[in-house]
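To start, the structure itself, in structure tokens.
The values are calculated or read from the model by the stated rules, or taken from the named source; none is laboratory data. Remember, it's a predicted structure, so these values are computed and weren't measured experimentally. Neighbour counts run over all protein chains shown; Cβ positions are idealised from the backbone, glycine included. Protein only, heavy atoms only, side chains kept; ligands, DNA and RNA dropped before computing areas. Shrake-Rupley method; radii C 1.70, N 1.55, O 1.52, S 1.80 Å.
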Amino acid sequence: RTVKIWDAETKQEVCSLRGHSNYVRCVAYSPDGKRIATSGGDKTVKIWDAVTMESMGTLGRHSHWVNCVAWSPDGEMVASSSDDKYIRMWSRSEEHKGTLWGHTRDNPKCKCDARGYYMINRKCPVSGHSGRVTCVAYSADGTHIASSSCDRTVKIWDAVTMEVVGTLKG
């Protein structure tokens, strides 16, 4: 429910970010260090200003716990993964406003959920994870997204077309 920010040198708490109504599962700083994304058991992703430590808004729409959040290398997009078998993509660019894509379910329509962030309009992949999506990460160059799942696979997605370009099993 609370994220604590610590000074790494002094090992002192700087502040607490309160806003989730259930456990916080993941915390990620944007590449420029100006924003923080958090995710939790309350089915939301929250965006925080890392300078003022104030909430910038809540990105909703997951139907189960949100396990992981990741920023794109340019800091313009946030990906979230959830027990609902979805990866949701968020962008600050209005050109991406539209529908979301997922792993195994139909794509509901949506609209802006927080200040300046929109669900990305992506084509639903032909195939995807059959279990909870536990983690999501961007490649260093932002061209690919990796997702891991309780179905014992890691899928590599093309970040533009959102098509699976590889699957690791085990």
Task: Number of positions in the stretch 133-170 that are open to solvent by 50 Å² or more (accessible area, probe 1.4 Å) and either of a type in the set (Phe, Trp, Tyr) or under 14 Å from the mean Cα position of the chain (by Cα) (or both) - done: 2
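Would you say CYS112 is in a loop (DSSP other than H, G, I, E, B) and either over 17 Å from ILE47 (Cα atoms) or modelled with pLDDT under 50 (or both)? Quick ask: steps written out before the conclusion?
Numbers: in a loop (DSSP other than H, G, I, E, B): yes; either over 17 Å from ILE47 (Cα atoms) or modelled with pLDDT under 50 (or both): yes.
Yes, satisfied.
Tally the residues that are on the phi > 0 side of the Ramachandran plot and not in a strand (DSSP E or B), restricting the search to the stretch 20-62. Explain how you work it out, then say what you get.
Initially, the stretch 20-62 is screened for residues on the phi > 0 side of the Ramachandran plot, giving 33, 43, 53, 57, 61.
Subsequent filtering for residues that are not in a strand (DSSP E or B) retains 33, 43, 53, 61.
Looking only at that region, the number is 4.
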Open item on the list: What pairs come out if I take residues in the stretch 50-62 that are free of Cβ contacts under 8 Å to residues at least 40 places away in the same chain and over 21 Å from PRO31 (Cβ atoms) and pair them with residues that are assigned to a loop (DSSP other than H, G, I, E, B) and open to solvent by less than 20 Å² (accessible area, probe 1.4 Å) whose C-beta lies under 6 Å away, six or more apart or interchain?
Closed with: HIS62/ASP84
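Could you say which residue among THR38, THR10, THR58, THR2 is open to solvent by 30 Å² or more (accessible area, probe 1.4 Å), among the β-branched types (Val, Ile, Thr) and at pLDDT 95 or above? Walk me through how you get there before you give the answer.
Numbers: THR38 fails: open to solvent by 30 Å² or more (accessible area, probe 1.4 Å); THR58 fails: at pLDDT 95 or above; THR2 fails: at pLDDT 95 or above.
Exactly one of THR38, THR10, THR58, THR2 is open to solvent by 30 Å² or more (accessible area, probe 1.4 Å), among the β-branched types (Val, Ile, Thr) and at pLDDT 95 or above, namely THR10.
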Open item on the list: I'd like the residue in the stretch 41-55 that is under 14 Å from ARG18 (Cβ atoms) and either in contact with a His (Cβ under 6 Å, 6 or more places away or on another chain) or among the basic types (Lys, Arg) (or both) and, out of all such residues, is surrounded by the fewest Cβ atoms within 10 Å (Cβ to Cβ).
Closed with: ASP42
